[in-house]
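What follows is a short report on a single structure.
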Amino acid sequence: MQVTHEIGSTGIRVSPVALGCWPIAGMTSLDVNRPDSLATLRTAFELGINFFDTAYAYGANGESE
């Protein structure tokens, strides 16, 4: 993925597709495990995704960050 978009006028460029990390935090998907979560993140990054949605609500202790 080579196309990026600037966030406002910050100079920060992100992929047009974001990966929502809610399931990775295990909040609603109790069968999620660390190795699979890391594999998902690595694959997304390798495909050019650099925009990860890690809202505070996605885990009590920062699990999704």
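The figures follow:
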quantity	calculated
Counted charge near residue 49, where neighbours are those whose Cβ lies closer than 13 Å (Asp, Glu -1; Lys, Arg +1)	0
Extension gain (nm, one decimal) between residue 31 and residue 5, 0.36 nm per residue minus Cα-Cα	6.0 nm
Once the Cα gyration tensor of region 5-53 is diagonalised, semi-axes √(5λ) in Å	25, 12, 6
Spin-label pair residue 43/residue 17, simplified geometry with 7 Å Cα→Cβ offset, distance in nm	1.1 nm
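A short reminder: the numbers here are calculations on the coordinates, not readings from a lab. These figures come from a predicted structure and were not determined experimentally. Don't worry about glycine lacking a Cβ; one is built from the backbone with ideal geometry, like all the others, and counts go over all protein chains shown.
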